[in-house]
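Read the structure below first, then the notes.
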Amino acid sequence: MEKVKKKLSENILDKISMDFLRNQVLKNAYGNDDTVIAKLDPRILLVWYLFFAIVPWFVNDVVFLAGCFILVAATTILARVAGLVLVLFGLGVFSQTGYMFIVSLFFGGNWETIVPLLIMTLKVATVSLASVTVFSGLDPDRLSNGLMWYGCPERLSFSISYAYRMLPMLMEEFQNVLLSYRLRGNAPDSTTFGGKVKYLIYQIKVIVHAFYPLMLNTAKRSRTTVEALEIKGYRYAAVNKEVKKMKLSSLKVGYNDMMFAAISFLCVAVTIFTTTII
């Protein structure tokens, strides 16, 4: 029993290390370039995302929502989303629903409460998985080009792309701040199970204390990046029609894009047809 407890604590500690978290975040943002979703045209993906991000909120039919959820879950598998993101998704959606169900039972609810909670869960889960699928399958440049093609302001599309590019810098700066705190602090002994719990609490405290230095250091580096962009003539390139045309010339709707849109439309149509029969 002691060996099992020790091994379990070591596995949990390994999974919540900063290197693991950093690798999972960067993998979800930059490590999915070879997936089926990543090879699709960003314009098709954005339209697909808008449908599954808006329509579920206006529908209360369980069959339709369940069909949309199954379709979006399949695309999430194709996008090879990082495991950490899926774990956080499960904890954030399903644990909240279970909590609300337990609270409703204490305040006079019954098993009929499951249906409204199931509807809410399917709505949140469908929208969340659609967001995860699209934004894990689009790199910063393709996402920015897709938004620019639909007429989004250049500064808005660039800001979203720049936020993606800032992610590795933010993670690197965060790790440097954490290492500086560790060098100046005295971490508790983590050889025993109780020590590992104390070490986890110590890690959380260090993360909280590292927030303000992280923001200040990142702001300094962001200013340097913006100045470099200004020197290279970013403002002129963003409003020049010839440059914009050259940048968007790489967008092409191919056979795979049409198949993806057709399969999604067929699944939604079958779901709607099923709701009319039942």
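The values are calculated or read from the model by the stated rules, or taken from the named source; none is laboratory data. Note that the coordinates shown come from a computational prediction; the quantities given were computed from them, not determined experimentally. Heads up, the Cβs are rebuilt from the backbone with ideal geometry, glycines too, and the neighbour counts pull from every protein chain shown.
Assess whether Val127 counts as being more than 18 Å from Pro56 (Cβ to Cβ) and at pLDDT 70 or above.
For Val127, the condition - more than 18 Å from Pro56 (Cβ to Cβ) and at pLDDT 70 or above - is not met.
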Ala53 part of a helix (DSSP H, G or I) and under 21 Å from Val115 (Cβ atoms): no
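Look through Ile204, Ile119, Ile160 and report the one residue that is within 27 Å of Val72 (Cβ to Cβ) and either small (Gly, Ala, Ser) or out of contact with any Pro (no Cβ under 8 Å at 6 or more places or on another chain) (or both).
Ile119
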Where a residue in the stretch 38-67 is assigned by TED's automatic domain parsing to the domain that holds Thr126 and of a type in the set (Lys, Arg) and its partner, wherever it lies, is surrounded by fewer than 22 Cβ atoms within 10 Å (Cβ to Cβ) and in a helix (DSSP H, G or I), with Cβ under 6 Å and at least six apart: Arg43/Trp149
Single residue of Leu117, Leu65, Leu143 found to be in contact with a Lys or Arg (Cβ under 9 Å, 6 or more places away or on another chain) and part of a helix (DSSP H, G or I): Leu65
Enumerated helices (runs of 4 or more DSSP H) restricted to the stretch 152-263, each holding at least 1 residues that are modelled with pLDDT of 75 or more and surrounded by fewer than 12 Cβ atoms within 10 Å (Cβ to Cβ): 154-184, 193-209, 211-231, 241-248
Pair list, Cβ under 6 Å, 6 or more apart: the stretch 79-92 residue assigned by TED's automatic domain parsing to the domain that holds Val132, other residue of a type in the set (S, T, N, Q) and at pLDDT 75 or above: Ala79/Thr35; Ala79/Thr133; Ala79/Ser136; Arg80/Thr35; Val81/Ser136; Phe89/Ser128
